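Asks: Just passing along the structure, written as C-alpha cells.
The values are calculated or read from the model by the stated rules, or taken from the named source; none is laboratory data. Keep in mind that what you see is a predicted model, and the values were worked out from it rather than measured. With ideal geometry, Cβ positions are generated from the backbone for all residues, glycine too; neighbour counts draw on all protein chains shown. When the accessible area is computed, the model is the full protein with side chains, heavy atoms only, and any ligands, DNA or RNA have been set aside. Shrake-Rupley method; radii C 1.70, N 1.55, O 1.52, S 1.80 Å.
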Amino acid sequence: MSAPSRSGSATAAGGWDLFPHDADIGVRGYGRSEAAAFENAARAMTASMIDPEEVGTRETVRIVCEAPDREMLLVDWLNALVYEMATRSMVFGDFSVSLSDGRLEAEARGEPIDIARHAPSVEVKGATYTELKVTRGNDGVWTAQCIIDV
Amino acid sequence: MDRTGLNQIGDYAWRIDPAGEMRAPAIIFADEALIDDMDDKVREQIVNVTTLPGIVGPAYAMPDAHWGYGFPIGGVAAFAPEEGGVISAGGVGFDISCGVRLLATGLSRADIEAVKLNFAHELSRAIPAGVGSKGRIVLDDDELDAMLAGGAGWAVRQGWGRAEDLPRIEENGTMRGAVPEFISAKAHKRQRKEMGTLGSGNHYLEVQEVVQIYDVDVARRFGLDAGRIVAMIHCGSRGLGHQIGTEFLRDMAISAPEHGIRLPDRELACAPIESDLGQRYIGAMRAGINCALANRQILTHLVRKAFAGFFAGADLPVVYDVSHNTCKEEEHVIDGRMRRVFVHRKGATRALGPGASQLPEAFVDCGQPVIIGGSMGTSSFVLVGDARSEAMSLGSACHGAGRAMSRHAAAKLWKGRQVQDALASEGIIVKSPSSRGIAEEAPGAYKNVDAVVEVAEKAGLARRVARLKPVICIKG
C-alpha cells in the first residue's frame, strides 16, 4: 500500500493537515466556513488512521451534538465520530456539517472497517482539549484543531 | 528544555520553585542529557499541575517524561481531600490503568527458535490486535457490571486464569471502591466486544529473552533467569476507559468554574475529590481499572493457551502486573506527617520499596517488580522498587522509554517493511495488521530506554533487576 497522504489540499481556503505532538497526533481542518473547518478536521482524524481516499461512503450515520462553546463543540464532534467508529466498526471518509447556536448536525459517510484493506495504523481513543482552537483568521478562513489521543 | 529557572538538586533531579500561581514546587528527575532533550512542554505542564487546588508535596516528572495533555506523560502528583484537593480525569488519561503484565515461561531461547515463525503466526492469530479487532468474549450488561466490580478476580472466577495469579497483580487483581453504576450506557456499549483485545498504537504482546541480570537474588525472587523466555502484555481498559475519560473530562471542564477552579489548561479538567462529580469519577475510574485488569487477565489466558499448544507443560506464572495511568488513594509521609492522599500517576508506575504495607507477601522484603516496557524492538526492563522513592516521588518510577519523535515524523522517516526487515535481521519478528503503525512505532522514534532506567536507578526511584530483549512482537 502506498503511504497515505498526511495533508489534503491544505490551502488557505480549505483542506486539512496533521501536526506533530510528542506522543499523539494533532488534527487540523481549514475552511471558508466554521462548518467546513469542522468537516476537514474530521477528515484529518480519519487520515491519522488510514488514507481517507481509501474509504468508501456507502453508509451514512447522523450525528447531533451541543456544547457551551465552539471549541468544546469541536471536541464533542470528533468524540462522537470516535464513538461511532468504535461501536459500529466503521471508518468515515466524507462529512457534511451544519452549525447553529452551539449545535452541530452532521452526516458522516463511510463503510465497515476492513483491516486488510484499510490497514489502520492507530486507534483513536479520544479528542483532547490540548492545542484546541477554533478560530477565524484575518483572511476569513476558519481553522479547527486539537490533539487526538491514539 | 531550557534550563532557566531549574535548580539542580543532586545529579539527577531539577527543582522549579513555586512562583506565580504555583501552590507547590515541581521536581523533574533527569540527568543533564535527558533534561536537555526533554520538551519544554513537560515543564509547562508539570508547572500547571502545581497550580491545582489541594496539591500536597511537589509535582514530579519521571525521567521518561514527555508532552502529554494536561499532565505531562510521566507526571505524578498527590491531592488531599480535606484541603479541597482535586481528582483530574486528565491526570489519569483516556487509557485508564494502561499497564504491563509479565509472565515467566521457563522456556529457553532455543525452544522458541525451533518454532519461531509458526509460533509468531499462532500468537498473531490467537491475540486480537489492532483497530477493528473484536474479542471472542461478548458480555451482556450484567456480566459487564460484574467484570467492572471484580477485575482480574472476576476473570479468574470465569475460568480465565488461576487463583495464584491474583496476588501478583496490584490491588490483588480487584480495585476496591469501583462503582459500575457511574459508567454510562455508551461506555458499556463501547466495551461489549472489546474484552480480551490488545488495542493498537504502542500496545503489544512480546515474547522476550532475559538477556542480562543486574541483581541475581531479586531476579530469582521474581522468577527470572538469564537466557529464559518471558511474555509481556502491554494494554489497558480499551473502549470503556476511553469513553469514561472522554465523558468525565467534559463534565469536569464545564463544571470547574462552579467549583471555583481556574484551569490553566482545559485538559487539566478536575473536580474536588469531595464533590459529587469527583466521587462519581473516582467510582467510574476504579471500574475502569478493573476493566484493564480483567482484560490483561483474559489476554494472559489466551497467551497461555497459545504457548500450551506449542510447548507441553509451559504454565506461565505471572511475575507481576503494574498499571501506569491511575489515581489511587494512598498514605504517604508528606512534609513530615502521614497524609491520606489521591496520587495521580499519568504514565508513571507505582514502585513500592521493601517494607511497604500494600506489597504482596512475596515482595515485602525486596520491593515490588517495576515493569518498564521498551518500544518495539528495543529492550524492556524489570526494576525493583527502592525504599528511597517513598520520600522522593511518592513511591513512583518511570513507565517506559517515552517518545523522542512524533508519529508524524516517524512515518515520514521510515516505512513499516523497512523497520520489519531491520528487526528481522536482529532475530526479532514483528507481526502487525498495519505497516504504517509499525513505522510510527519504529525503535528510533523513542528515547533510549537504557538511559531512562539508568537515571531512575541513580536517582533512587527503582533499581535494575533484569533486561529483556524482544524475540517476537505482536503489535496492535
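Asks: Against the conditions (1) open to solvent by 20 Å² or more (accessible area, probe 1.4 Å); (2) over 26 Å from B:SER435 (Cβ atoms), where does A:MET72 fall short? Just the number, please.
Replies: Of everything listed in (1) open to solvent by 20 Å² or more (accessible area, probe 1.4 Å); (2) over 26 Å from B:SER435 (Cβ atoms), A:MET72 misses just condition (1).
Asks: Let me ask something additional. Which numbered condition in (1) open to solvent by 10 Å² or more (accessible area, probe 1.4 Å); (2) outside any strand (DSSP E or B) is the only one that B:ARG339 fails?
Replies: The single condition B:ARG339 does not satisfy is (2).
Asks: Please work out if B:VAL86 is in contact with a Phe, Trp or Tyr (Cβ under 8 Å, 6 or more places away or on another chain) and either surrounded by fewer than 24 Cβ atoms within 10 Å (Cβ to Cβ) or not β-branched (Val, Ile, Thr) (or both).
Replies: Working: in contact with a Phe, Trp or Tyr (Cβ under 8 Å, 6 or more places away or on another chain): yes; either surrounded by fewer than 24 Cβ atoms within 10 Å (Cβ to Cβ) or not β-branched (Val, Ile, Thr) (or both): no.
Criteria not met by B:VAL86.
Asks: With the checklist (1) open to solvent by less than 10 Å² (accessible area, probe 1.4 Å); (2) within 30 Å of B:GLU274 (Cβ to Cβ); (3) within 14 Å of another protein chain (Cβ to nearest Cβ) in hand, flag the one item B:ILE73 doesn't pass.
Replies: Checking B:ILE73 against (1) open to solvent by less than 10 Å² (accessible area, probe 1.4 Å); (2) within 30 Å of B:GLU274 (Cβ to Cβ); (3) within 14 Å of another protein chain (Cβ to nearest Cβ), the one that fails is (1).
Asks: If you check B:ILE27 against the conditions, is it in a helix (DSSP H, G or I) and away from every other protein chain (no Cβ under 11 Å)?
Replies: Considered against the rule, which asks whether it is in a helix (DSSP H, G or I) and away from every other protein chain (no Cβ under 11 Å), B:ILE27 comes out as no.
Asks: Still on this model: Counting only residues that are facing chain B (nearest Cβ under 7 Å), part of a loop (DSSP other than H, G, I, E, B) and either polar (S, T, N, Q) or under 21 Å from B:ILE438 (Cα atoms) (or both), how many does the range A:92-129 have?
Replies: The qualifying residues number 8.
Asks: With the checklist (1) out of contact with any Ser or Thr (no Cβ under 8 Å at 6 or more places or on another chain); (2) open to solvent by 50 Å² or more (accessible area, probe 1.4 Å) in hand, flag the one item B:PRO18 doesn't pass.
Replies: (1)
Asks: Any idea which of B:LEU123, B:LEU117, B:LEU103 is at pLDDT 95 or above, surrounded by 20 or more Cβ atoms within 10 Å (Cβ to Cβ) and assigned to a helix (DSSP H, G or I)?
Replies: It is B:LEU123.
Asks: Also, quick follow-up: Restricting attention to the range B:415-444, report how many residues are more than 8 Å from chain A (Cβ to nearest Cβ), in a helix (DSSP H, G or I), in contact with a Ser or Thr (Cβ under 7 Å, 6 or more places away or on another chain) and touching a residue at least 40 places away in the same chain (Cβ under 8 Å).
Replies: Result for the range B:415-444: 2.
Asks: Still on this structure: Let me confirm something: among B:LYS346, B:LYS412, which residue is under 28 Å from B:ASP39 (Cβ atoms), within 14 Å of chain A (Cβ to nearest Cβ) and open to solvent by 40 Å² or more (accessible area, probe 1.4 Å)? Don't jump to the end; show me each part of the working.
Replies: Values: B:LYS346 fails: open to solvent by 40 Å² or more (accessible area, probe 1.4 Å).
Just one listed residue meets the conditions, B:LYS412.
Asks: On the basis of being open to solvent by 30 Å² or more (accessible area, probe 1.4 Å), farther than 21 Å from A:PRO120 by Cα, at pLDDT 90 or above and assigned to a helix (DSSP H, G or I), does B:ASP450 make the cut?
Replies: On the way: open to solvent by 30 Å² or more (accessible area, probe 1.4 Å): yes; farther than 21 Å from A:PRO120 by Cα: yes; at pLDDT 90 or above: yes; assigned to a helix (DSSP H, G or I): yes.
Here the answer is yes, as B:ASP450 does meet what is asked.
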